[in-house]
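The next block holds one structure in the form of structure tokens; read it before the comments.
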Amino acid sequence: MVAYEKIKKIPYGGDYNPEQWPEETWEEDMRILKLAHIDTVTLNVFSWASLQSDDDVYHFEKLDKIIDLVTAHGMKICLATSTGAHPAWMARKHPDILRVEHNGMKRKFGGRHNSCPNSPTYRKYAPALAAKLAERYKKYDNIVAWHISNEYGGECYCENCEKKFREWLKEKYKTIDEVNRVWDTAFWGHTFYDFEDVVLPNLLSEHMDDTRSCFQGISLDYKRFNSESILNAYRLEYDAIHAITPDIPITTNLMGTFFGLDYQMWGKYMDFISWDNYPANDTPISSTALRHDLMRGLKQGKPFALMEQTPSVQNWQPFNMLKRPGVMRLWSYQAIAHGADTVLFFQMKRSVGACEKYHGAVIDHAGHENTRVFREVTALGAELEKLGSQTLGARSDAKAAIVFDWDNWWAISYSSGPSIYLDYCREVEQYYKALFDRNIPVDMIGVEDDLSRYDLVIAPMLYMVKTGYDEKIRAYVKEGGRFLTTCFSGYVDEHDLVTIGGYPGKLRDILGIWVEEEDALPENLHNRFHYHGNTYPASLLCDLLHTEGAETLASYEEDFYAGMPVLTKNAFGKGFGYYVATQSSDEFYRDYLEEICEEADIQPIMDTPDGVEVTRRINQNGVFVFLLNHREEPYVTALPFAGEDLLGGKIYKAGDALVLEKKDVAIIKLK
Ligand code: GLA
Ligand code: ZN
């Protein structure tokens, strides 16, 4: 529910922190930002210290001035609540707000994203500030969104959190016996007699390091608890604001594949999704695309906001290469191509001090508009103005989906065997890339999402099958769906307790196989298999499996399990269950998924060479095909359809030659 009636075009701008600068400089900032066609600024992200100087002492005069200034210049505002970092006096006076780290260390004042989510002080003052802001600024009709806190994350292991954890467990499991069952505490004699016996799982208790835990069930529940604790703190602010300005949509900026928070749960409590996209210069384009699609999926495909990206450099990578000419524009359109309805930057102006002074900005330390970066920002601003509202609200029409699940990610990371090289995100990326490279639109979905609109559902490494999820998959395949999963799937339930009777547990009948053993290969060892005349490697994990109804498509060729199936396909109801028993190469995934997509009649939008990305978005204005040339050389093709390039203005008949210079973009509105 982005307030489209208020935005009318792709909002352009981002984080602006005039409070860090003398007031005399503000007018000049306005002049420069207006030159760049900036129409939306995110204000007040880190001002708690100046807004509240004691328990009941608030000061809004400076923020009033800032809001009036940007309002007078016709800009829209994304108003943040400033609760991403607490004031020093609060930490001194109310130390319950300070977090305790994984190693048991109680923090002092410092850093940001530093409040304990279960601190009574934080839970009182953060929503109180949010309410005061909403009350004070509700009369401004140029506030287009609320931005709660900033990039939530981290963990806390303080005594308040420990108490809350016990309450959370009581609520969830009712009895201590049930806690003992789901955590399998009979192992190592860990039986708890009372909820009071439970302590948080960290280096003082069950953990050897971040992800090595003696009791995965405890660590998994803590992860859920921590994500929910922080979400609940967010929700306090959400409710406070929503009660006062029910028509202004509320968000917080997420971070893509961020391990600590279950964003699929968070998405339910956000009016729209926004996220911060910071790829490194060498990040594969498919990885960025995946993250955009994942963020879009948090609200079942609704457009999202690109809340932050750098116009030029970051400061926190080991090497902060400049975005090459054209790349900022290209990556902005990549976000739009995947469902973004905003292009916002961190930041409008570089600070003079502290750890982000070398982070890129629209206004660099030079302080004027005569810079390369500024010229690129301005050109894009002008272009987005011309594009207007055409693409706003447009959705993807993907027929293929990839399942991504945070609980599953946590459980795999904690699994303790079979291999330290297990990397859930990498597994997912390999499958995603195969579809991406073929320009096949993909939705990244969670386990609660509907499957029936897809012709192919891929669930790489679905280690955890939560109660009922097998039923959902079964129903989908019976009705004609195609479901593919891989090694290390179906092992455990939502408590990380193994499903007895052979892997892949509850998925056995759908896949028509059972897995007896699993061989975890070190990095330098591979098995291999032949399929359709090609040889592919088998690495990481090699399942030793038996078919029980499935057809064997390929078998291992080496080691004592040579001849055992590695690729299987099972006819089930009107559909099929596919199993890939190992990890293989990009070539394999590409070839194999091409074959399955053909079987499922899932067509690429068009064929292009590597490095030329194509996506599609559809709304009431029409069908938009985005062509993005990430390569270092021009791309020339005969366009397979007729349409108008909304950026270049050219009209094409089907078969006309289209030339895209390096890093260039076309948005073809189909005829
Ligand atoms: C994040 C934060 C910003 C800033 C940028 C720097 O996305 O939200 O406040 O720190 O990173 O890249
Ligand atoms: Zn705490």
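Note that the chain carries a Kirkwood radius of 26.7 Å, evaluated over its alpha carbons pair by pair. Measuring from label point to label point, each 7 Å out along Cα→Cβ, what is the SER452 to ARG324 span in nm? Calculated label separation equals 4.8 nm. The simple Förster model, with R0 at 25 Å and r as the Cβ-Cβ distance, assigns ALA475 and LYS268 a FRET efficiency of 0.60. For GLU494, the amide hydrogen comes within under 5 Å of the amide hydrogens of THR467, counting only partners 5 or more places away or on other chains and with H modelled in the peptide plane. The relative contact order of region 612-670 comes to 39 percent, based on Cα pairs under 8 Å that sit 6 or more residues apart.
Rounded, prolate or oblate: pick one for region 337-457, where a ≥ b ≥ c are the square roots of the eigenvalues of its C-alpha gyration tensor, a/c under 1.5 means rounded, and failing that, prolate if a/b is larger than b/c, else oblate. Write out the running numbers ahead of the final one.
Values: a/c = 3.13, a/b = 1.54, b/c = 2.03.
The shape class here is oblate.
Annotation: Cα Rg of region 400-599 relative to the compact-globule expectation 2.2 N^0.38 Å equals 0.93.
Taking amide H as placed 1.01 Å from N in the peptide plane, ALA538 has its amide H under 5 Å from the amide H of ASN527, ARG528, PHE529, each at least 5 places away in sequence or on another chain. Only protein heavy atoms count here; on that basis, with a 1.4 Å probe, ARG107 has an accessible area of about 90 Å².
Rg over Rh for region 149-296 works out to 1.04, both radii taken from alpha-carbon positions and Rh defined as the Kirkwood radius. Relative contact order for region 25-146: 26 percent, from Cα pairs under 8 Å spaced at least 6 residues apart, divided by residue count. Between SER205 and VAL659, the contour length at 0.36 nm per residue exceeds the alpha carbon distance by 157.3 nm.
Run the numbers on the chain and let me know its relative contact order in percent, using alpha-carbon pairs under 8 Å that are six or more apart. Could you put the intermediate results ahead of the total?
Working: 1390 pairs, mean separation 73.2, N = 671.
Relative contact order here is 11 percent.
Highest mean first, the peptides 310-323, 211-224 sorted by other C-beta atoms within 10 Å per residue fall in the order 211-224, 310-323.
Split the accessible area of region 400-599 by element, probe 1.4 Å, and carbon with sulfur accounts for 48%. Semi-axes of the equivalent ellipsoid of region 556-617 are 28, 18, 7 Å, computed as sqrt(5λ) over the eigenvalues of the C-alpha gyration tensor in descending order. Peptides 561-568, 379-386 ranked from most to least packed, by the mean per-residue count of other Cβ atoms within 10 Å: 561-568, 379-386. In plain terms, the chain from ILE420 to GLU516 could stretch by 32.5 nm, reckoned as 0.36 nm per residue minus the Cα-Cα distance.
Extension gain, GLU587 to LYS6: 0.36 nm times the residue separation minus the Cα-Cα distance gives 204.5 nm. A Förster radius of 60 Å combined with the Cβ-Cβ distance from LYS138 to ALA562 puts the calculated FRET efficiency at roughly 0.25. With each label modelled as a point 7 angstrom along the Cα→C-beta vector, the ALA638-ASP68 pair spans 6.5 nm. Only helical runs count toward this figure. For the chain, summing -39,500 (n - 2.57) over DSSP H runs of n ≥ 4 and dividing by all residues gives -9000 deg cm²/dmol at 222 nm. The spread of Cα positions in region 259-363, taken along each principal axis and listed from longest to shortest, comes to 39, 27, 23 Å. Packing-based ranking of 29-36, 108-115, 581-588, 13-20 yields 13-20, 581-588, 29-36, 108-115, ordered from highest to lowest mean Cβ neighbour count within 10 Å.
Normalised per residue, the accessible area of region 612-670 is 41 Å², obtained with a 1.4 Å probe and no contribution from ligands, DNA or RNA. Database remark: amide H of GLY14 closer than 5 angstrom to the amide H of THR40, VAL41, THR42, PHE345 (H placed geometrically; neighbours at sequence offset of 5 or more, or on other chains; Pro and chain starts carry no H).
In plain terms, if you count all Cα to Cα distances in region 612-670 and split them into 5 Å steps from zero, the share in each step is 5, 20, 31, 27, 12, 4, 1 percent.
The values are calculated or read from the model by the stated rules, or taken from the named source; none is laboratory data. These figures come from a predicted structure and were not determined experimentally. Here the Cβ is made from the backbone with ideal geometry for all residues, glycine too, and neighbour counts use every protein chain on show. To get the accessible areas, we keep the full protein, side chains included, count just its heavy atoms, and leave off ligands, DNA and RNA. Shrake-Rupley method; radii C 1.70, N 1.55, O 1.52, S 1.80 Å.
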